[in-house]
Amino acid sequence: MTAPSARTRTVHTERGANGQLTSRVRRTVLPSGLRVISEEIPGVRSAAVGVWVGVGSRHETPTLHGCSHFLEHLLFKGTPERSALDISAELDAVGGEFNAFTTKEYTCFHARVLDEHLPLAVDVIGDMITGSLLLADDVEAEREVILDEIAMHDDDPDDVVHNLFAAQAWGDSPLGRSIAGTADSITRLTREQVARFYRRHYRPEQMVVAAAGNLDHAGLVRLVRKAFGRQGFLDSEAAPVSGRTGSRARRVAPGVASAVRPLEQVNVILGVNGLTRSDDRRFALGVLNTALGGGTSSRLFQEVREQRGLAYSVYSFAAHHADAGLVGVSVGCLPGKLDAVLHTVRAELARVARHGISAEELVRGKGQLSGGLVLGLEDTAARMSRLGKAELVQDGLRSIDEVLRRINEVELRDVQELSARLFDQPEILAVVGPALG
């Protein structure tokens, strides 16, 4: 029987006004299900690579709360070929940038290097992913580091209020729980539990290797085969999985949640149920969010800070997940100004729900979104992240021109209809600060 071969296709290409190639995106699926996607960008001297794993805190049971983040730390601690120092020193020696992060829905290990050092970066990350030792001593040492990290986040009122907001919205569910875990859950996790989690979720079919910069796709695929071929990691066959789940947004639990902290300020988030990341209305929401609280010319900044002097920091945000979303306004203010802040924010939300935004705000919002998108993709790391997220958790990779077109197609009535729908919902309120009388 003939062994299955890798499948490669060109996703899209971009050319400049003179017809020269400016970008080519290609995608290969290996027989094991591991996906390799790259963007060749001629003319740059760097390359960024990331391994995106389809597991995050929302995939954890209550017993395993914080396991994804714990495992992210542990993969830096050593393999049969490299010690923890070797892993750091090899990329430091070539001036590389190297890190990882965990979210509610995925984990990413990423590096950015000079183009000539891309083979080293792929090899180091591949070694970490496939060959982590997870030694008992390393588990215990890193447990203490993570407990310190949890304590650090608990001292940051912005982190506390965002965790409180999510917990109120989604309750004691994976989406409602913090990414890092709690002191109790991390203390109880055993090495065996972490190792089982590693074997279960760090599978080729649940991973994407994304890279962008001065590279050759076929060469990248060869590097990936070699780096990830350790321990028989790529030997099994698996049907490729997209990891994308688009559905109607889960409902949230409205209400008020508060936490007392000995702070000088009160940190507040006021929000409502939002949109999933596959909802086409997210382009209209992007424009709305920009007009409402996306910059110094936004309504909330002008009204809360500039006109009334009620707060130093105020902004709006939209969070999207596969089957859930939130839209919120974050403010930090003095305790005595909390009532005035909430009154002002609620009034602005009610006004935009009734009347939408102005034509001037629409134009400004489109420009801010479009400019931010293009400027944000001026480095190879941002391009790599765009590829990885599109392949692992989004509804496919759209060209930059297509995204710009979708933004430009947003009309006033789109924003009006969405505003009326969003801000007619029961609110979620999270408050962190000193005890209020």
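Quick note: the coordinates plus some simple rules give every number you see, no bench work behind them. Worth saying up front: this structure is predicted, and the values here are computed from it rather than measured. Cβ atoms come from the backbone with ideal geometry, glycine included; neighbour counts cover every protein chain shown.
See the values below:
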read-out: GNM top mover of Ala166, Ala350, Ala359 - the chain, alpha-carbon springs below 10 Å; value: Ala359
read-out: Distant-in-sequence amide H partners of Val55 (H built 1.01 Å from N, under 5 Å); value: Thr107
read-out: Distance from the stretch 357-434 to the stretch 103-182 (C-alpha centre basis), Å; value: 26 Å
read-out: Calculated from backbone phi, Karplus (6.51, -1.76, 1.60) coupling profile of the stretch 88-104 in Hz, x at Gly/Pro; value: 6, 5, 5, 7, 4, 5, 10, x, x, 9, 8, 6, 7, 7, 10, 10, 5
read-out: Most fluctuating residue given options Asp280, Asp123, Asp323, as computed from a GNM of the chain linking Cα atoms under 10 Å; value: Asp280
read-out: Relative contact order %, the stretch 255-433, counting alpha carbon pairs below 8 Å whose residues are six or more apart; value: 39 percent
read-out: Calculated on alpha-carbon atoms, Rg and Dmax of the stretch 61-138 in Å; value: 13.2, 44
read-out: Backbone HN-Hα couplings from phi across the stretch 254-269 [Karplus 6.51/-1.76/1.60, Hz, Gly and Pro as x]; value: x, x, 10, 10, 9, 9, 8, 9, x, 10, 7, 10, 9, 9, 10, 10
read-out: For the stretch 301-311, Karplus couplings with θ = phi - 60° (6.51, -1.76, 1.60), whole Hz, Gly/Pro x; value: 4, 5, 6, 6, 9, 5, 7, 10, x, 8, 7
read-out: Relative contact order %, the chain, counting alpha carbon pairs below 8 Å whose residues are six or more apart; value: 21 percent
read-out: Degrees between helix 338-355 axis and first principal axis of the chain (Cα, 0 to 90, nearest 10); value: 80 degrees
read-out: The stretch 7-232: antiparallel DSSP beta bridges as a percent of all, rounded to 5; value: 85 percent
read-out: Sequence of Ser173, Ser38 once ranked by neighbouring C-beta atoms within 10 Å, starting from the fewest; value: Ser173, Ser38
read-out: Relative contact order %, the stretch 7-232, counting alpha carbon pairs below 8 Å whose residues are six or more apart; value: 33 percent
read-out: Candidates Gly356, Gly126, Gly376, ranked by Gaussian network fluctuation over the chain, Cα under 10 Å, top entry; value: Gly376
read-out: Spatial separation of Cα centroids for the stretch 8-79 and the stretch 273-348, in angstrom; value: 31 Å
read-out: Placed amide H near Ser258: partners under 5 Å, 5+ positions off or other chain; value: Val431
read-out: Residues whose placed amide H lies under 5 Å from that of Tyr202, excluding near-sequence neighbours; value: none
read-out: Helix axis angle, 191-201 relative to the chain longest principal axis, alpha carbon, degrees; value: 90 degrees
read-out: Degrees separating the helix 136-154 axis from the principal Cα axis of the chain, which is the longest one; value: 20 degrees
